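First the structure, in the form of structure tokens, and then the observations on it.
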Amino acid sequence: MTAIAQQAARRRTFAVISHPDAGKSTMTEALALHASAITEAGAVHGKAGRRGVTSDWMDLEKARGISITSAALRFEYRGHMFNLVDTPGHADFSEDTYRVLAAVDCAVMLLDAAKGMEPQTLKLFEVCRHRRIPVITFINKWDRPGREALELLDEIEERTGLRPTPITWPIGTGGFFHGVIDRIAGQSVRYTRTPGGATKAIETELTPEQALAEIGEDWERAKEEVDLLTEIGSDHDQKAFEAHESTPVLFGAALSNFGVGRLLDAMVDIAPAPAPRPDVKGDPRPLEEPFSGLVFKVQANMDPSHRDRIAFVRVCSGRFERGMVLTHAATGRPFATKYAQSVFGQERATIDEAFPGDVIGLVNATALRPGDTLYDGPAVEFPKIPSFAPEHFWTARVRDSSRSKQFRKGIEQMEGEGVVQVLRSDIRGDQSPVLAAVGPMQFDVVKHRLAGEFNTEIALDRLDFSLARLTDAESAPILARQRGVEVFTRTLDGALLALFTDEWRMRGVLRDHPDLVLEPLLADT
Ligand code: GDP
């Protein structure tokens, strides 16, 4: 194995997908605690009063108590380098979350034991399915009264279509969480809480005799259930897991650190390492090729004292060395990486080298956009990250016309970062672009950031559209004449977008004009 392949083999790059409140930040902290966190790239989470690196680049974030930035946390465990890419938990930031999933090789689906599959979890799961990202399920909060374990498995199977294959099984329920049976090692493990869960939980291996004597009935019941699982064929199957047909399941309580170590072990043992990533031609780029990376997130002005723009890049092949001059595939221009970082926000640290799977932050990344490729040596380009169909549309206008120039710059910046898509039309003119987003909170972000970073107050007005479809130059004039329809050009790529008040309106138009070109924005889902 080459040195680069060896480095790649010991990388695990993943995201935690969950519904708000399922315990993602608690889990993130627990993971970092179990491992030894090397660097914390930006916000682990921004909940007021919580531990973790709070990124204070935006007052809005504080006021809402949510984390808007996504960043990567690096830590080492059992000789493996983990890159945990943070996904913003709030439903409104879903587009950003989707992009983050383009950078990972595996996802941990975190469920609340009392709630099971919740809407946001399912939405994110759909992205994993689309990208065929293997999913490990962690059922959290087992220390609290929740649902039956078998019932939760049924729900997972029904909602995701994946066969759940528990690799641990809980002993005890509803406030009496004694430990787990590790189905792979064939062991019973008892967990003992340490004060506040602040340090690792104490794990004791029990022989069957000890388990029977010390735990009794709960253990016997767990044992019977484990036998049942084996009978119905719910054993871990590596191929099925990698083929996105099954999901290994673990039980635990992140708050007391129960089961977190076993999740890390599962990541080391079964989660996929970085693999060759297909380029635009569909040819997988071997890991040993010269450096290539995919920009999956761009963020500006994170730190008021460093007015800059950071691009987050997932290394896809080769070895990254700080100082390299790379090529930006979209423009063919050189890009200097003198200021590569693994940490940003309040604390910054430079990163000197990185390997496939690692996430690096590049500063001064004015020209980079999410989905862009950077490479060294012969040209390569990775497919664009599909942009998700916006469902909310607002017009933006500058309040003080002497600030028009800043307004234009600000909107351009928001577009470049992918905060919103920008739509224009002759009818509405240049002064009044339409902003489009997956979630409505993005508009607050735009307003807030234009005021804070560009000193420009804007007025936003909601438009009565909820559906966008791609169209072409022939269909556009016909569509423009229909009631409840308006046609725009998306400035980022020049695509023609028809906006409809709702699905019903679109069907009506299609009934009268069946030959119109109207395609969903994410063509391959
Ligand atoms: P997030 O919104 O998904 O990041 O969720 P948080 O990590 O902020 O957790 C939401 C709430 O659930 C917090 O009050 C946590 O203390 C609590 N919580 C998280 N994990 C556990 C757990 O394993 N057991 C219990 N009892 N509570 C938990």
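The values are calculated or read from the model by the stated rules, or taken from the named source; none is laboratory data. All of these numbers come straight from a predicted model, not from anything done at the bench. All Cβ positions, even for glycine, are placed from backbone atoms using ideal geometry, and neighbour counts span all protein chains on display.
Lys115 passes all but one of (1) in contact with a helix residue (DSSP H, G or I) (Cβ under 8 Å, 6 or more places away or on another chain); (2) closer than 24 Å to Ser256 by Cβ; (3) within 16 Å of the ligand (Cβ to nearest atom); which number fails?
All conditions pass for Lys115, except number (1).
Just give me the residues in region 255-278 being in contact with an Asp or Glu (Cβ under 8 Å, 6 or more places away or on another chain) and in a helix (DSSP H, G or I), in sequence order. Walk me through it before giving the result.
The initial filter retains those residues of region 255-278 that are in contact with an Asp or Glu (Cβ under 8 Å, 6 or more places away or on another chain), namely 255-256, 258, 261-262, 271-275.
Of everything in region 255-278, those that are in contact with an Asp or Glu (Cβ under 8 Å, 6 or more places away or on another chain) and in a helix (DSSP H, G or I) turn out to be Leu255, Ser256, Gly261, Arg262.
Among (1) crowded, with 24+ Cβ neighbours inside 10 Å; (2) of a type in the set (Val, Ile, Thr); (3) over 30 Å from Ala222 (Cα atoms), which single condition is Val325 missing?
(1)
Surrounded by fewer than 19 Cβ atoms within 10 Å (Cβ to Cβ), without any contact (Cβ under 8 Å) to a residue 24 or more places away in the chain and within 23 Å of Phe296 (Cβ to Cβ): is that true of Asp430 in this structure?
Details: surrounded by fewer than 19 Cβ atoms within 10 Å (Cβ to Cβ): yes; without any contact (Cβ under 8 Å) to a residue 24 or more places away in the chain: yes; within 23 Å of Phe296 (Cβ to Cβ): no.
Spelling it out, it is not the case that Asp430 is surrounded by fewer than 19 Cβ atoms within 10 Å (Cβ to Cβ), without any contact (Cβ under 8 Å) to a residue 24 or more places away in the chain and within 23 Å of Phe296 (Cβ to Cβ).
Is one or more of the residues making up region 79-100 among the small types (Gly, Ala, Ser), part of a helix (DSSP H, G or I) and modelled with pLDDT under 90? Walk me through it before giving the result.
Within region 79-100, the subset among the small types (Gly, Ala, Ser) is 79, 89, 91, 94.
Narrowing further to those that are part of a helix (DSSP H, G or I): 91, 94.
Narrowing further to those that are modelled with pLDDT under 90: 91, 94.
There is at least one residue in region 79-100 that is among the small types (Gly, Ala, Ser), part of a helix (DSSP H, G or I) and modelled with pLDDT under 90.
Tell me yes or no: at least one residue of region 301-310 is over 24 Å from the mean Cα position of the chain (by Cα), outside any loop (DSSP other than H, G, I, E, B) and at pLDDT below 80. First the steps, then the outcome.
The initial filter retains those residues of region 301-310 that are over 24 Å from the mean Cα position of the chain (by Cα), namely 304-307.
Narrowing further to those that are outside any loop (DSSP other than H, G, I, E, B): 306.
When the remaining residues are screened for being at pLDDT below 80, the result is 306.
Yes, region 301-310 has at least one match.
Can you report the number of residues in region 140-171 which are within 16 Å of the ligand (Cβ to nearest atom) and hydroxyl-bearing (Ser, Thr, Tyr)?
Selection size over region 140-171: 1.
When both residues are 6+ apart or on different chains and their Cβ atoms are under 7 Å apart, which pairs have a first residue that lies in region 15-27 and is more than 15 Å from Ala271 (Cβ to Cβ), and a second that is in a helix (DSSP H, G or I) and more than 6 Å from the ligand (Cβ to nearest atom)?
If the second residue must be in a helix (DSSP H, G or I) and more than 6 Å from the ligand (Cβ to nearest atom), the pairs left are Ser18/Thr121; His19/Pro119; His19/Gln120; His19/Thr121; Pro20/Gln120.
Looking only at region 423-471, count every residue that is part of a helix (DSSP H, G or I) and either touching a His at 6+ places or on another chain (Cβ under 9 Å) or of a type in the set (Ser, Thr, Tyr) (or both) and tell me the total.
Final tally of qualifying residues: 3.
Select from region 238-254 the residues that are over 19 Å from Gln187 (Cα atoms) and more than 16 Å from the ligand (Cβ to nearest atom) and list them in ascending order.
Across region 238-254, the qualifying residues are Gln238, Lys239, Ala240, Phe241, Glu242, Ala243, His244, Glu245, Ser246, Thr247.
Tally up the residues in region 258-302 that are more than 20 Å from Asp376 (Cα to Cα) and of a type in the set (Phe, Trp, Tyr), please.
Of the residues in region 258-302, 1 are more than 20 Å from Asp376 (Cα to Cα) and of a type in the set (Phe, Trp, Tyr).
Only one of (1) out of contact with any Cys (no Cβ under 8 Å at 6 or more places or on another chain); (2) away from the ligand (no atom under 14 Å from the Cβ) is not met by Ile133, so which one is it?
With respect to (1) out of contact with any Cys (no Cβ under 8 Å at 6 or more places or on another chain); (2) away from the ligand (no atom under 14 Å from the Cβ), Ile133 is out only on (1).
If a residue must be modelled with pLDDT under 95 and within 21 Å of His178 (Cβ to Cβ), how many such residues does region 231-251 contain?
Counting residues in region 231-251 that are modelled with pLDDT under 95 and within 21 Å of His178 (Cβ to Cβ) gives 0.
Is it true that Ala8 is modelled with pLDDT of 90 or more, more than 8 Å from the ligand (Cβ to nearest atom) and either outside any strand (DSSP E or B) or within 16 Å of the chain's Cα centre (by Cα) (or both)?
Details: modelled with pLDDT of 90 or more: yes; more than 8 Å from the ligand (Cβ to nearest atom): yes; either outside any strand (DSSP E or B) or within 16 Å of the chain's Cα centre (by Cα) (or both): yes.
Yes, satisfied.
Yes/no per residue for (1) surrounded by fewer than 19 Cβ atoms within 10 Å (Cβ to Cβ); (2) at pLDDT 90 or above; (3) within 25 Å of Val445 (Cα to Cα); (4) away from the ligand (no atom under 11 Å from the Cβ):
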position: Thr26; (1), (2), (3), (4): no, no, no, no
position: Glu29; (1), (2), (3), (4): no, no, no, no
position: Leu60; (1), (2), (3), (4): yes, no, yes, yes
position: Ser67; (1), (2), (3), (4): no, no, yes, no
position: Ala72; (1), (2), (3), (4): no, no, yes, yes
position: Glu76; (1), (2), (3), (4): yes, no, no, yes
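Looking only at region 147-193, which residues are more than 17 Å from Pro248 (Cβ to Cβ) and among the aromatic types (Phe, Trp, Tyr)? First the steps, then the outcome.
Initially, region 147-193 is screened for residues more than 17 Å from Pro248 (Cβ to Cβ), giving 147-148, 151, 158, 171-179, 188, 190-193.
Passing the criteria: Phe176, Phe177, Tyr191.
Quick check on Ile385: is it surrounded by 19 or more Cβ atoms within 10 Å (Cβ to Cβ), part of a loop (DSSP other than H, G, I, E, B) and under 19 Å from the mean Cα position of the chain (by Cα)? Full working, then the answer.
Working: surrounded by 19 or more Cβ atoms within 10 Å (Cβ to Cβ): yes; part of a loop (DSSP other than H, G, I, E, B): yes; under 19 Å from the mean Cα position of the chain (by Cα): yes.
Taking the combined requirement at face value, the residue satisfies it.
Could you say whether any residue in region 478-491 is at pLDDT below 95 and among the β-branched types (Val, Ile, Thr)?
Checked against the condition, which is being at pLDDT below 95 and among the β-branched types (Val, Ile, Thr), region 478-491 yields at least one hit.
If I filter region 124-151 down to residues being of a type outside the set (Phe, Trp, Tyr), farther than 23 Å from Asp237 by Cβ and assigned to a loop (DSSP other than H, G, I, E, B), which single residue comes out as modelled with the highest pLDDT?
Step one: of region 124-151, the residues of a type outside the set (Phe, Trp, Tyr) are 124, 126-137, 139-141, 143-151.
Add one more test, that the residue is farther than 23 Å from Asp237 by Cβ, and what stays is 124, 127, 140-141, 143-148.
After this cut, where a residue has to be assigned to a loop (DSSP other than H, G, I, E, B) as well, the list is 141, 143-148.
Working: Lys141: 96, Asp143: 92, Arg144: 92, Pro145: 91, Gly146: 89, Arg147: 93, Glu148: 93.
Ranking the qualifying residues of region 124-151, first place goes to Lys141.
Regarding Thr121, is this residue within 23 Å of Pro170 (Cα to Cα) and not in a helix (DSSP H, G or I)?
Working: within 23 Å of Pro170 (Cα to Cα): yes; not in a helix (DSSP H, G or I): no.
Here the answer is no, as Thr121 does not meet what is asked.
Considering only residues that are closer than 15 Å to Pro514 by Cβ and not in a loop (DSSP other than H, G, I, E, B), which ones fall in region 473-493?
Ser475, Ile478, Leu479
If Arg481 meets every condition in (1) exposed (fewer than 13 other Cβ atoms within 10 Å of the Cβ); (2) in contact with a helix residue (DSSP H, G or I) (Cβ under 7 Å, 6 or more places away or on another chain) apart from one, which number is that one?
For Arg481, the failing item is (2).
Just one of the numbered conditions (1) at pLDDT below 90; (2) surrounded by 20 or more Cβ atoms within 10 Å (Cβ to Cβ); (3) away from the ligand (no atom under 15 Å from the Cβ) is not true of Ala103; which one?
In the conditions (1) at pLDDT below 90; (2) surrounded by 20 or more Cβ atoms within 10 Å (Cβ to Cβ); (3) away from the ligand (no atom under 15 Å from the Cβ), Ala103 misses (1) alone.
Among Gly293, Gly259, which is the only one that is at positive phi and surrounded by 23 or more Cβ atoms within 10 Å (Cβ to Cβ)? Lay out the reasoning, then the answer.
Numbers: Gly293 fails: at positive phi.
The conditions single out Gly259.
In region 345-368, how many are of a type in the set (Asp, Glu) and modelled with pLDDT under 85?
Narrowing region 345-368 to residues of a type in the set (Asp, Glu): 347, 352-353, 358.
Then drop every residue that is not modelled with pLDDT under 85, which leaves 347, 352.
The qualifying residues number 2.
Could you list all residues from region 240-269 that are among the β-branched types (Val, Ile, Thr) and over 20 Å from Ile4 (Cα atoms)?
Result: Thr247, Val249, Val260.
Taking region 154-163 as the region of interest, how many residues are surrounded by fewer than 21 Cβ atoms within 10 Å (Cβ to Cβ) and not acidic (Asp, Glu)? Full working, then the answer.
Looking only at region 154-163, we keep the residues that are surrounded by fewer than 21 Cβ atoms within 10 Å (Cβ to Cβ), and these are 154-155, 157-159, 161, 163.
Subsequent filtering for residues that are not acidic (Asp, Glu) retains 159, 161, 163.
Within region 154-163, residues that are surrounded by fewer than 21 Cβ atoms within 10 Å (Cβ to Cβ) and not acidic (Asp, Glu) number 3.
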